Amino acid sequence: MSPAAEPLLSLAVTVTSERRVESVLRNIVQGLASQPGVALTRIWLLPSADLCGSGQEPSRSPEQTEYLRLVASAGTPVNSPGEDWSFLQGHFSRLPLTVGKVGQVAVNRNPILIKDLLSQNDWILRPEWAKREGIRSFAGHPLRFRDDLLGVVGLFSRKPLTEQEFTWLGLFANQAAVAIANARAFEEVERLRCQLERENNYLQEQIAERKRAEVALRQAQADLTHANRVSSMGELTASLAHEVNQPIAAAITDANTCLRWLSRDQPDLEEARVAASRIVQDGRRASEIVNRVRLLFQKGTLQRELVDLNETIREMMLLLHSQATQFTVLVRTELAADLPQVMGDRVQLQQVLMNLMMNSIDAMKDVDGTRELTIQSQRIKNGLVLISVSDSGVGLPAQQAEQIFDAFFTTKPHGTGMGLRISRSIVESHGGRLWAFDNPPRGARFCFTIPTKAEAHDSVLLGDRTGTADGSRSD
Ligand SMILES: Nc1ncnc2c1ncn2[C@@H]1O[C@H](COP(=O)(O)OP(=O)(O)OP(=O)(O)O)[C@@H](O)[C@H]1O
Ligand SMILES: [Mg+2]
């Protein structure tokens with residue numbers, strides 16, 4: 001082994017383990033420049049040398065690239081005070097391929113050795129510099145990776161270079177080229193990784209944003225559902241006041257009766273007791289109504305429980321009793337005795353019934369003849385409970401029977417057009433369906449199904465008592 005072989009070998013190992021192109025280049029030139037007798041070492045790369053990294057682009061001939069770019073330089077001036085040989089700008093930062101031995105190495109892709117300047121002085125671009133610094137020898141090796149030329153490594157020596165050293169330098173140049181190409185590949189992978197990370201972060205942000213929007217939408221739906229309930233209750237205020245007033249008035253009458261029995265010369269305690277227990281019942285009736293109203297006004301969280309829809313129907317009839325009476329509407333029920341319970345949100349299901357019943361009463365307000373509101377419940381196949389609300393009102397708007405479920409569709413001067421939309425959402429969130437058709441000879445009929453077994457429809461059932469905004473059917 002030549003004396004230069006050992007350090008060159010360990011330098012090759014060092015640079016091959018580097019991952020950054022800049023470090024590889026710096027280590028190569030500094031490592032070579034620190035060898036005995038070496039004055040200056042430089043690396044020029046073709047601007048297109050990045051094609052070496054991936055090996056995917058077609059290789060271009062050096063002629064097409066036209067110049068080499070100085071990318072690394074290291075050396076120690078002896079007689080050039082103030083000069084910095086690691087400086088990359090200036091005179092030879094861009095070297096046309098037609099110029100000098102370095103250009104020749106690139107064009108021919110063959111190494112060049114100038115053994116001793118003393119016997120040959122036409123090879124160097126700056127002979128005065130070579131003379132001043134005692135430069136005697138030059139070795140230029142192409143840096144090749146696979147079939148691509150990356151550039152040239154050039155070494156200026158103050159002692160004559162031997163053939164042996166030249167050969168070792170050639171072997172080192174091959175390793176150096178691999179190290180440069182590897183580092184480029186690493187950098188490219190790192191760049192892609194960063195890009196992917198950025199894209200991933202962007203996607204994560206989008207997902208988070210979407211989730212926030214979904215939460216906001218759900219909240220808006222919940223608010224809307226609640227607002228619908230509150231506004232329906234608002235319409236009922238007068239009727240409800242009347243409804244509550246009734247048991248209170250009855251309680252007063254019963255209290256007076258009770259007092260009368262007690263204030264007799266011989267108080268009739270038995271009669272007084274009967275009257276007093278009627279007062280208790282009256283009080284309970286009033287408080288039941290108030291409680292139901294309060295529930296409907298509440299914005300409480302969703303509660304899934306076993307609901308007896310027959311009971312829900314009766315409750316809503318109680319609440320709407322005065323409203324129906326006011327418009328001389330006869331309310332009839334045909335409720336299946338063996339109706340199974342359903343799993344659902346009691347208040348939401350009450351809201352559906354309230355919307356349908358109030359719509360029916362509205363539809364009958366102005367019609368002559370019988371005004372009849374019929375509510376039926378029955379068990380049908382596939383484990384479903386079917387509820388129907390039919391009336392003898394004006395009937396569904398002609399040609400618009402399906403539009404009535406659209407948001408904001410209303411034929412009423414003060415309607416919001418959200419009642420049916422919200423009702424359909426609630427029913428579908430319970431795994432059922434809501435639809436409407438004519439009720440000959442006059443009026444409309446609304447039917448909805450609710451499965452007796454719970455079906456989770458989390459998109460809607462999460463959060464507050466709310467419904468989907470799209471109202472789309474599940475079938
Ligand atoms: N029982 C019915 N008979 C005839 N038409 C009806 C009946 N129920 C609903 N409609 C029609 O469907 C429309 C939409 O009803 P929906 O309950 O969604 O809104 P609205 O009753 O108009 O307003 P809101 O419920 O907000 O007071 C009504 O305006 C009406 O034209
Ligand atoms: Mg309505």
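Residues that are surrounded by 13 or more Cβ atoms within 10 Å (Cβ to Cβ) and away from ligand 2 (no atom under 13 Å from the Cβ) were ranked within region 234-244; the one that is farthest from Q348 (Cα to Cα) is H242. One residue is enough: does region 173-190 have a residue meeting the conditions under 30 Å from M357 (Cβ atoms) and touching a Phe, Trp or Tyr at 6+ places or on another chain (Cβ under 8 Å)? Looking through region 173-190, none of the residues is under 30 Å from M357 (Cβ atoms) and touching a Phe, Trp or Tyr at 6+ places or on another chain (Cβ under 8 Å).
In region 392-414, of all residues being closer than 20 Å to V367 by Cβ and in contact with a Phe, Trp or Tyr (Cβ under 9 Å, 6 or more places away or on another chain), the one that is surrounded by the most Cβ atoms within 10 Å (Cβ to Cβ) corresponds to L396.
Picking from A213, A255, which residue would you name as being away from ligand 2 (no atom under 16 Å from the Cβ), in a helix (DSSP H, G or I) and touching a helix residue (DSSP H, G or I) at 6+ places or on another chain (Cβ under 9 Å)? Testing whether each residue is away from ligand 2 (no atom under 16 Å from the Cβ), in a helix (DSSP H, G or I) and touching a helix residue (DSSP H, G or I) at 6+ places or on another chain (Cβ under 9 Å) leaves just A255. Taking every residue in region 336-349 that is closer than 12 Å to S377 by Cα and pairing it with any residue that is in a helix (DSSP H, G or I) and not charged (D, E, K, R), at least 6 positions away or on another chain, the pairs with Cβ-Cβ distances below 6 Å are L339/N310. Just one of the numbered conditions (1) within 12 Å of ligand 2 (Cβ to nearest atom); (2) crowded, with 17+ Cβ neighbours inside 10 Å is not true of G417: (2).
Looking across region 423-440, the residues that are polar (S, T, N, Q) and assigned to a helix (DSSP H, G or I) come down to S423, S425, S429. Any residue in region 150-161 that is surrounded by fewer than 16 Cβ atoms within 10 Å (Cβ to Cβ) and within 27 Å of L45 (Cβ to Cβ)? For region 150-161, residues surrounded by fewer than 16 Cβ atoms within 10 Å (Cβ to Cβ) and within 27 Å of L45 (Cβ to Cβ): absent. With respect to being of a type in the set (K, R), away from ligand 2 (no atom under 14 Å from the Cβ), in a helix (DSSP H, G or I) and surrounded by 15 or more Cβ atoms within 10 Å (Cβ to Cβ), R229 falls outside the description. Can you name every residue in region 337-360 that is within 23 Å of R442 (Cβ to Cβ) and either away from ligand 1 (no atom under 16 Å from the Cβ) or surrounded by fewer than 22 Cβ atoms within 10 Å (Cβ to Cβ) (or both)? Scanning region 337-360 gives a single hit, M358. Entry remark, region 375-395: residues being more than 8 Å from ligand 1 (Cβ to nearest atom) and either of a type in the set (A, V, I, L, M, F, W, C) or assigned to a strand (DSSP E or B) (or both) number 12 in total. Among the residues of region 1-34, those identified as touching a helix residue (DSSP H, G or I) at 6+ places or on another chain (Cβ under 8 Å) and within 13 Å of V153 (Cβ to Cβ) are L8, L11, A12, V15, V24, L25, N27, I28, G31, L32.
Applying the condition of being acidic (D, E) and either in contact with a Leu (Cβ under 8 Å, 6 or more places away or on another chain) or surrounded by 14 or more Cβ atoms within 10 Å (Cβ to Cβ) (or both) to region 289-336 and asking which residue is farthest from V244 (Cα to Cα) yields D308.
Evaluated against (1) over 18 Å from L318 (Cβ atoms); (2) within 13 Å of ligand 2 (Cβ to nearest atom); (3) modelled with pLDDT under 95, Q351 falls short on exactly one condition, (1). Can you confirm whether region 414-422 contains a residue that is within 15 Å of ligand 1 (Cβ to nearest atom), in a loop (DSSP other than H, G, I, E, B) and of a type in the set (S, T, Y)? Yes - at least one qualifying residue is present in region 414-422. Report yes if some residue within region 111-119 is touching a Leu at 6+ places or on another chain (Cβ under 6 Å), in a helix (DSSP H, G or I) and crowded, with 17+ Cβ neighbours inside 10 Å; otherwise report no. No: zero hits. For S377, the conditions (1) of a type in the set (S, T, N, Q); (2) touching a helix residue (DSSP H, G or I) at 6+ places or on another chain (Cβ under 7 Å); (3) without any contact (Cβ under 8 Å) to a residue 12 or more places away in the chain all hold with the exception of (3).
The values are calculated or read from the model by the stated rules, or taken from the named source; none is laboratory data. The structure displayed is predicted, hence computed values, not measured ones. Neighbour counts run over all protein chains shown; Cβ positions are idealised from the backbone, glycine included.
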